[in-house]
Amino acid sequence: RPEELELLVCGRSELDLKVLENSASYDGFEADDQIIQDFWSIVHDLSQENKKKFLKFCTGSDRVPVRGLEDLKFVIGRNGDSQAMLPTSHTCFNHLLIPVYESKEIMQDKLILAIQNCEGFGLR
């Protein structure tokens, strides 16, 4: 069936990051830490285009895997407390590293800057 082939090639089109939040695990944080609550609030408020960029920044692909985001092993880890650092990621491992920012606004600015300037291995 053509729609099954399309799903295999393109992945799912819907992007419900609440599913990713529910399946995420943490390294150096707890799910109920304020920084994590602020992080997910920022992510859920992103435009659809920026949500795709966020997914690409974290996983290397802006497409939802065939089996859905719930099957993605997504980890958010602590990366120091420098206010100058941007979030970084290990796309092969779906591992996002964020510094402990002093405010939600700083985290939002840094996250958006990182995802909007992500190029992968410098390839377009």
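The values are calculated or read from the model by the stated rules, or taken from the named source; none is laboratory data. All values reported here derive from a predicted model rather than from experimental measurement. Please note: Cβ atoms are built from the backbone with ideal geometry, for glycine as well, and neighbour counts cover all protein chains shown. Areas reflect the complete protein model, heavy atoms only, side chains present, ligands, DNA and RNA absent. Shrake-Rupley method; radii C 1.70, N 1.55, O 1.52, S 1.80 Å.
List the number of the failed condition for Leu97; all other conditions in (1) under 14 Å from the mean Cα position of the chain (by Cα); (2) surrounded by 15 or more Cβ atoms within 10 Å (Cβ to Cβ); (3) in contact (Cβ under 8 Å) with a residue 24 or more places away in the chain hold. Only one criterion is unmet by Leu97, namely (3).
Can you confirm whether Leu5 is more than 20 Å from Asn117 (Cα to Cα), open to solvent by less than 40 Å² (accessible area, probe 1.4 Å) and of a type outside the set (Lys, Arg)?
Values: more than 20 Å from Asn117 (Cα to Cα): yes; open to solvent by less than 40 Å² (accessible area, probe 1.4 Å): no; of a type outside the set (Lys, Arg): yes.
The answer is no for Leu5.
Filtered by the rule that a residue be of a type in the set (S, T, N, Q), open to solvent by 40 Å² or more (accessible area, probe 1.4 Å) and within 11 Å of the chain's Cα centre (by Cα), the stretch 40-70 gives a lone residue, Ser61. In the stretch 71-86, what residues are over 15 Å from Tyr26 (Cα atoms) and either assigned to a helix (DSSP H, G or I) or open to solvent by less than 60 Å² (accessible area, probe 1.4 Å) (or both)? Scanning the stretch 71-86 gives Asp71, Ser82, Gln83.
Residues that are in contact with a Pro (Cβ under 9 Å, 6 or more places away or on another chain) and in a loop (DSSP other than H, G, I, E, B): does the stretch 89-105 have at least one? Taking every residue of the stretch 89-105 in turn, at least one turns out to be in contact with a Pro (Cβ under 9 Å, 6 or more places away or on another chain) and in a loop (DSSP other than H, G, I, E, B).
If you check every pair at least six apart or on different chains, which have Cβ atoms under 7 Å apart with a residue in the stretch 51-76 that is within 16 Å of Gln108 (Cα to Cα) first and a residue that is β-branched (Val, Ile, Thr) and crowded, with 22+ Cβ neighbours inside 10 Å second? Correct list of pairs: Lys53/Ile115; Phe54/Ile115; Phe57/Ile115; Ile76/Ile98.
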